[in-house]
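Here is the structure we will look at, set down as structure tokens.
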Amino acid sequence: GQQLNQSPQSMFIQEGEDVSMNCTSSSIFNTWLWYKQDPGEGPVLLIALYKAGELTSNGRLTAQFGITRKDSFLNISASIPSDVGIYFCAGPSSGAGSYQLTFGKGTKLSVIP
Amino acid sequence: DAMVIQNPRYQVTQFGKPVTLSCSQTLNHNVMYWYQQKSSQAPKLLFHYYDKDFNNEADTPDNFQSRRPNTSFCFLDIRSPGLGDAAMYLCATSRERQGPHEQFFGPGTRLTVL
């Protein structure tokens, strides 16, 4: 089945630094979703991308849909302590089960004040 | 605000004692999903309802059942919880099944099995 490779697995950064994480696949995705999950909570949708090359911002977050449709990037500028959490990329599986989301394994972000 | 609500947030049950988790939504979405999430893992889809049409994932154990009495509510029943069923259970909704593909998650129910 389809797989999403998310990197890095974890990262420790100083408050105020910019963060970049990415998601790659061996197969094409037509939609990329980025979620953030706080400890003990459900994932919250941050950004949805629908077109190859699309660049979308949500406050300090910016995400891009790769031109090849096989990758996506999420950048966080000027990180703050509340950015701590696990960031998941996700996309709809191909074929008959296109309702199903394939998730990456997540990037765990820690911010040092 | 339109949202997905899960109750309770924390549930403790005994080994083998049936338990029911509930989810409600004010988004008026057609599709409702149940996921299981274990520590440090991505959510794993158990099943979903498209309107009243129930769809089970092939690898979901028979121990897990679901009911959707109306558009707003969906329940997850675990008939005989085992220690391996301790996890976070997430409910999610989407407007349609084939797209747009955004799914909106509730806050989750943390299940502990003693």
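Every number here is computed from the coordinates shown, using simple stated rules; none is lab data. Since the structure is predicted, the reported quantities are computational estimates derived from the model, not experimental observations. Because the Cβ atoms are built from the backbone with ideal geometry, glycine has one as well, and the counts that use them run over all protein chains shown.
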Would you tell me the mean number of C-beta atoms belonging to other protein chains that fall within 10 Å of each C-beta in A:102-110, as a whole number?
-> 2
To the nearest whole number, what is the average tally of beta carbon atoms from other chains within 10 Å of the beta carbons of peptide A:38-50?
-> 4
Roughly how many Å is it from the Cα centre of the range B:19-61 to that of the range A:40-93, as a whole number?
-> 23
For chain B, just the Cα atoms, rotate onto the principal axes and tell me the three extents in Å, largest first.
-> 39, 31, 29
The set of residues whose placed amide H lies less than 5 Å from the amide H of B:T112, leaving out same-chain residues fewer than 5 positions away, is B:Q11, B:V12, B:T13
Sequence ranges A:33-46, A:69-82, ranked by mean other-Cβ count within 10 angstrom, highest first | A:33-46, A:69-82
Once Rh is set to the Kirkwood radius over Cα pairs, what Stokes-Einstein translational diffusion coefficient, in µm²/s, holds for the range A:25-113 at a temperature of 4 °C and a viscosity of 1.567 mPa s?
-> 95
Name the residue farthest towards the positive end of the dipole of the protein assembly as shown from the options B:Q37, A:G40, A:F103, assuming +1 on Cβ of Lys and Arg, -1 on Cβ of Asp and Glu, about the Cα centre.
-> B:Q37
Full-stretch length increase - A:Q2, A:D18 - with 0.36 nm per residue and alpha-carbon distance subtracted = 2.8 nm
Cα to Cα, under 17 Å, and not fewer than 8 places away if on the same chain: which lysines meet these conditions relative to A:K108?
-> A:K36, B:K38
Partners for B:K52 among aspartates and glutamates (Cα-Cα distance below 16 Å; same-chain residues under 8 apart left out) = B:E96
Would you mind counting up the charge near A:D71? Only other residues with Cβ under 15 Å from its Cβ, with Lys and Arg at +1 and Asp and Glu at -1.
-> +2
Principal axis dimensions, largest first and in whole angstrom, of the protein assembly as shown by Cα = 48, 40, 35
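Full-extension gain between B:T60 and B:L114, please, as 0.36 nm times their residue separation minus the C-alpha to C-alpha distance.
Answer, rounded to one decimal: 17.3 nm.
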Within-12-Å neighbourhood charge of B:P18 [Cβ basis; K, R +1; D, E -1] = 0
Excluding same-chain residues fewer than 8 positions from A:K51, which lysines have a Cα within less than 17 Å of its Cα?
-> A:K70
